[in-house]
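Working notes, structure below.
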Amino acid sequence: MSQNIEGKVIIITGASSGLGEAAARHLASLGATIVLGARRVERIQSLAKELTDQGGRALAVATDVTQYPEVQRLADSALQVYERIDVLINNAGLMPQSPLERRKIDDWNRTIDVNIKGVLYGIAAVLPCMQKQKSGHIINVSSVAGHKVRVGGAVYAATKHAVRVISEGLRQEVKPYDIRTTVISPGAIDSELTDSITEPDVAQNIKAFYAQVAIPADSFARAVAFAISQPPQVDINEILYRPTRQEF
Ligand SMILES: NC(=O)c1ccc[n+]([C@@H]2O[C@H](COP(=O)([O-])OP(=O)(O)OC[C@H]3O[C@@H](n4cnc5c(N)ncnc54)[C@H](OP(=O)(O)O)[C@@H]3O)[C@@H](O)[C@H]2O)c1
């Protein structure tokens, strides 16, 4: 159990797989109460049951982060059941990469809706509660692609750059309320993320790269726990990390 994590009420979007699922398990093992949001409700319900069977506290709420009322319902459910929100991990995301000349407009729209608007909706849903509490912590998930852009990755990188900009703006604005903000930018992590690539040749290349270098999602869980576990007056604003073997 960890002193600054135990008992905290932590909302995680995109908790049905990959980084969000790993963070949920790790933070629950450190004594946090976890509120899980994702569209695949059967997955988050079974994870919530697993965590409660182990003696923890967890709640699953079906959430599509592109629908603001659903994100608000996620936050409201946490408040109704646990009466506070200590941390929001804005983690839901997708990465349907392809060169711009392929004009995958549906992919662009989905990426912007989930990776940018979903993050903003999360902030909107928890901010009034955290301002009232005069405490809270918003953790946004960017990427190495929030620092760099490569061929085929323009739209994804744009959304992840946006997450960093939004996080820095938020950091400055929430100072009067003692709210902490962290942006975490991982490199290649083993998850279901590459399944969101709709162009078969691009998917094949990126999956081959991941097969060579990707590291487990518990790396993300430990980074999140590090940020949350700091004393209240310590605000870890940015974490950028990669697999040791990743060049890009
Ligand atoms: N894996 C990496 O290499 C890597 C590197 C840097 C950053 N990231 C970032 O890490 C975050 C998590 O990705 P991951 O790697 O864990 O991939 P993942 O295994 O595919 O997980 C993505 C999660 O996002 C959720 N999601 C997608 N669309 C959603 C929507 N409209 N509403 C609610 N939830 C939605 C999915 O849940 P449902 O489908 O059940 O809704 C799933 O739980 C993303 O923001 C990603 O960009 C990942």
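The values are calculated or read from the model by the stated rules, or taken from the named source; none is laboratory data. Please read these numbers as outputs of a predicted model, since none were measured by experiment. Cβ atoms come from the backbone with ideal geometry, glycine included; neighbour counts cover every protein chain shown. Keep in mind that these areas ignore ligands, DNA and RNA; they rest on the heavy atoms of the full protein, side chains included. Shrake-Rupley method; radii C 1.70, N 1.55, O 1.52, S 1.80 Å.
The table below gives the values:
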quantity	calculated
Pair list, Cβ < 6 Å and 6+ apart or interchain, from segment 96-125 residues that are within 17 Å of Val165 (Cβ to Cβ) to residues that are of a type in the set (A, V, I, L, M, F, W, C) and away from the ligand (no atom under 11 Å from the Cβ)	Thr111/Val155; Ile116/Ala162; Gly122/Leu88
Condition met for Ala145 (in contact with a Gly (Cβ under 7 Å, 6 or more places away or on another chain) and either of a type in the set (Val, Ile, Thr) or farther than 27 Å from Val9 by Cα (or both))	yes
Inter-residue pairs, beta-carbon under 7 Å, first closer than 9 Å to Leu36 by Cα and assigned to a helix (DSSP H, G or I) and in segment 8-26, second among the polar types (S, T, N, Q) and open to solvent by less than 10 Å² (accessible area, probe 1.4 Å), 6+ apart	Gly20/Thr13
The lone exception for Ala48 - which of (1) in contact with a strand residue (DSSP E or B) (Cβ under 7 Å, 6 or more places away or on another chain); (2) within 12 Å of the ligand (Cβ to nearest atom) it fails	(2)
Residue count, segment 81-101 (criterion: open to solvent by less than 30 Å² (accessible area, probe 1.4 Å) and small (Gly, Ala, Ser))	2
From Pro216, Pro200, Pro186, Pro231, residue being modelled with pLDDT of 95 or more, farther than 20 Å from Asn140 by Cβ and within 14 Å of the ligand (Cβ to nearest atom)	Pro216
Number of the exception - Arg164 against (1) more than 22 Å from Phe226 (Cβ to Cβ); (2) within 16 Å of the ligand (Cβ to nearest atom); (3) surrounded by fewer than 21 Cβ atoms within 10 Å (Cβ to Cβ)	(1)
Every residue from segment 32-61 that is among the small types (Gly, Ala, Ser) and buried (at least 17 other Cβ atoms within 10 Å of the Cβ)	Ala32, Gly37, Ala38, Ala48, Gly56, Ala58, Ala60
Test result for Arg25, open to solvent by 60 Å² or more (accessible area, probe 1.4 Å) and near the ligand (Cβ under 9 Å from one of its atoms)	no
Identity of the residue in segment 99-148, part of a helix (DSSP H, G or I) and of a type in the set (Ser, Thr, Tyr), that ends up nearest to Ala78 (Cα to Cα)	Tyr121
Criterion (more than 15 Å from the ligand (Cβ to nearest atom) and modelled with pLDDT of 95 or more) met by exactly one of Pro128, Pro69	Pro128
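Each row is one residue, and each column tells you yes or no for (1) more than 13 Å from the ligand (Cβ to nearest atom); (2) small (Gly, Ala, Ser); (3) open to solvent by 40 Å² or more (accessible area, probe 1.4 Å).
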| position | (1), (2), (3) |
| --- | --- |
| Leu79 | yes, no, yes |
| Arg103 | yes, no, yes |
| Trp108 | yes, no, yes |
| Val119 | no, no, no |
| Ile123 | yes, no, no |
| Ile138 | yes, no, no |
| Gly146 | no, yes, no |
| Arg150 | yes, no, yes |
| Gly153 | no, yes, no |
